[in-house]
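Heads up, the thing below is written out as structure tokens.
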Amino acid sequence: VDDAVLLFREERDARRVMDVLPKLFGKFGLALHPDKTRLLEFRRPDRYSSDPDDESSGPQTFDLLGFTHFWGKSLSGRWTVKRKTAKDRFRRALKRIAEWGRKYRHTAVRVQHAKLVQKLRGHYQYYGITGNGRALGDFVYQAKFVWQKWLNRRSERAKMTWERMDRLLKRYPLPLPKVVHSYLHNRVANP
């Protein structure tokens, strides 16, 4: 493991761990990266100050490893940390598909389809975590638009209308969004 997020109920507990962690890592010949290791205030929304002038009273999120971490309610109504694809990573992945579509727009459709399926499955492998289904669905939806755009630009005469694109997608279906990594919420030492 080279990246981790530790959540603490009390700030003093987080500070105590931050004091001990470098020593513990040092015993194994490891070190914390000084620029990447930090404490963040990440309170549950129900624990914000009721003072509207308090700057810490807004919603708290942070990005790590391509995911935006935020507070949300579980199906049972309990507060839990949720994750979704970070906006910049979503745009970057979609931009890569657009660049690929532009470069290979004159390649045979069956070859394009096979490559696009690979790209989507790779995206699902990384971002397919519990609670991120909506972002996965949005991604495949946008990827269809991008593919249609570049197929439409193969020729000035033969236009790829959405009616034709729907027929093409029936013949060459794209994989449905899939949650690949499932995890349990609220794993805590003292519940």
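Scanning segment 167-180 for residues that are open to solvent by 80 Å² or more (accessible area, probe 1.4 Å) and either in contact with a His (Cβ under 8 Å, 6 or more places away or on another chain) or farther than 18 Å from Gln118 by Cα (or both) gives a single hit, Arg167. For segment 149-161, the count of residues that are aliphatic (A, V, I, L, M) and surrounded by fewer than 16 Cβ atoms within 10 Å (Cβ to Cβ) is nonzero. Counting only residues that are part of a loop (DSSP other than H, G, I, E, B), surrounded by 12 or more Cβ atoms within 10 Å (Cβ to Cβ) and not β-branched (Val, Ile, Thr), how many does segment 8-39 have? The total comes to 4. Among the residues making up segment 150-170, those that are assigned to a helix (DSSP H, G or I) and touching a Lys or Arg at 6+ places or on another chain (Cβ under 9 Å) are Trp150, Leu151, Asn152, Met165, Leu169.
Pairs meeting the criteria (first residue in segment 101-125 and farther than 21 Å from Val179 by Cα, second residue open to solvent by 90 Å² or more (accessible area, probe 1.4 Å), beta carbons under 7 Å, at least 6 apart or on different chains) are Arg105/Arg153; Gln112/Tyr104. Would segment 168-186 turn up any residue that is without any contact (Cβ under 8 Å) to a residue 60 or more places away in the chain and in contact with an Asp or Glu (Cβ under 7 Å, 6 or more places away or on another chain)? No, that holds for no residue. Arg96 meets each of the listed conditions (1) charged (D, E, K, R); (2) modelled with pLDDT under 85; (3) closer than 25 Å to Asp138 by Cα apart from (2).
The values are calculated or read from the model by the stated rules, or taken from the named source; none is laboratory data. These numbers were taken from a predicted model, which means no experiment stands behind them. Every residue, glycine among them, receives a Cβ derived from its backbone with ideal geometry; neighbour counts consider all protein chains shown. Accessible surface areas use protein heavy atoms only, side chains included; no ligands, DNA or RNA. Shrake-Rupley method; radii C 1.70, N 1.55, O 1.52, S 1.80 Å.
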